[in-house]
1. In the range A:165-190, what residues are out of contact with any helix residue (DSSP H, G or I) (no Cβ under 8 Å at 6 or more places or on another chain) and either within 18 Å of residue A:94 (Cβ to Cβ) or not in a helix (DSSP H, G or I) (or both)?
2. Just for helices (runs of 4 or more DSSP H) wholly inside the range A:12-119: which have at least 1 residues that are out of contact with any helix residue (DSSP H, G or I) (no Cβ under 7 Å at 6 or more places or on another chain) and away from every other protein chain (no Cβ under 14 Å)?
3. Kindly indicate whether residue B:194 is within 27 Å of residue A:85 (Cβ to Cβ), crowded, with 17+ Cβ neighbours inside 10 Å and touching a residue at least 40 places away in the same chain (Cβ under 8 Å).
4. Taking the stated definitions as given, is residue B:176 assigned to a helix (DSSP H, G or I) and in contact with a helix residue (DSSP H, G or I) (Cβ under 6 Å, 6 or more places away or on another chain)?
């Protein structure tokens with residue numbers, strides 16, 4: 001845990017210094033909402049259409065972060081430095097997944113107001129706690145799968161392609177559960193209470209992917 | 001766990017390699033290389049560019065797996081027991097392993113935490129390599145020589161028993177070379193494996209020499225046993 005905190009602190013410090021990921025992720029999200037707004041030519045979106053727009057936009061932005069998650073380790077020798085240290089290698093998984101989770105949460109601080117502005121779904125205010133709950137669980141899947149995929153992709157020349165190619169199919173169950181879960185929250189007759197079924201699916205998928213990533217992550221760091 | 005001894009059987013070998021081979025795809029970089037290095041001694045690995053010197057160092061550092069043969073460091077066989085020797089090995093390679101957007105001090109503190117080394121040691125080493133006054137500057141703003149001094153500090157931060165030095169004095173001017181000498185030179189007390197672009201300088205530093213040619217060990221023996229003609233042939 002202490003090692004993971006050390007790596008996490010270093011990652012957050014690097015992002016704070018360079019601002020390589022977060023501004024780009026946030027800008028892509030806002031631009032995507034603008035494109036949807038004018039492309040669909042509607043003043044307000046609701047139900048599954050709104051849920052789909054939000055999910056897809058967050059996915060696009062998350063992929064930017066996922067692709068860059070290990071770049072500093074690869075380009076500046078962070079992998080070697082870490083592998084030379086007498087530490088548990090799963091600390092890297094924990095640290096990187098937590099960093100990505102934090103980036104996604106910060107992204108959503110910008111993306112949700114932009115979504116409310118450009119998509120103007122009905123009753124978003126009353127559904128906000130449930131919406132945040134879904135996004136918190138969805139971020140878990142993004143963080144774990146993103147870290148796992150990024151660790152694979154960074155060792156390849158075509159890392160920008162490998163990330164989406166492996167990541168998107170793995171993220172599909174979480175994306176479907178998120179979209180179907182938040183759709184009813186963004187309707188005119190929304191009750192504001194989340195669907196237990198989709199929350200459970202997301203939570204179980206988070207757990208499954210976390211265990212899978214933990215089991216194989218050591219091997220991903222090898223040469 | 002296995003232990004190895006030098007040919008005379010007197011000093012335990014800090015590093016023992018037996019018929020080590022390593023390939024990259026179809027290309028054989030190291031072919032059945034064997035040697036033993038007693039604890040506290042220095043081995044100079046000589047040979048032309050691309051002959052496998054850096055690959056050998058990366059295998060010893062546990063960063064690359066050997067494809068055949070056995071590698072034993074400090075009594076532990078690699079790669080199976082690599083975890084047992086990490087933290088007892090210091091690597092000074094071609095890459096500084098420092099984050100460009102962090103300062104020298106921040107980088108060393110990061111490495112110190114990974115190796116469970118007290119922060120006090122960071123300040124000692126910054127002083128030792130003459131970088132205290134520039135310790136808070138981002139690494140990307142430093143000259144190559146300054147980065148190399150920080151890299152030396154990073155490599156010896158955890159007081160490793162085995163030092164793997166890949167052209168350790170590249171980018172260092174004579175004054176800086178003298179500055180880092182107590183940390184990575186003969187008197188540092190560690191078992192050392194070093195490569196150098198200057199074979200004569202490496203021979204002065206070494207007790208033993210491993211000369212690589214075509215991935216094979218062309219010579220392994222005392223540094224005094226290799227003559228100028230052999231060196232010329234090696235680099236021809």
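None of the figures in this text is laboratory data; all of them are computed from the coordinates on show. Note that the structure is a prediction, hence the values are computed from the model and not measured. Here Cβ is always computed from backbone atoms with ideal geometry, including for glycine, and neighbour counts include all displayed protein chains.
1. A:188, A:189
2. Details: elements: A:22-40, A:47-68, A:71-75, A:78-84, A:90-118.
Per the criteria, A:22-40, A:47-68, A:90-118.
3. Details: within 27 Å of residue A:85 (Cβ to Cβ): yes; crowded, with 17+ Cβ neighbours inside 10 Å: yes; touching a residue at least 40 places away in the same chain (Cβ under 8 Å): yes.
Taking the combined requirement at face value, the residue satisfies it.
4. Yes, satisfied.
Every residue, every condition in (1) crowded, with 20+ Cβ neighbours inside 10 Å; (2) touching a helix residue (DSSP H, G or I) at 6+ places or on another chain (Cβ under 8 Å), yes or no:
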residue: B:119; (1), (2): no, yes
residue: B:122; (1), (2): yes, yes
residue: B:125; (1), (2): yes, yes
residue: B:148; (1), (2): yes, yes
residue: B:155; (1), (2): yes, yes
residue: B:164; (1), (2): yes, yes
residue: B:167; (1), (2): no, no
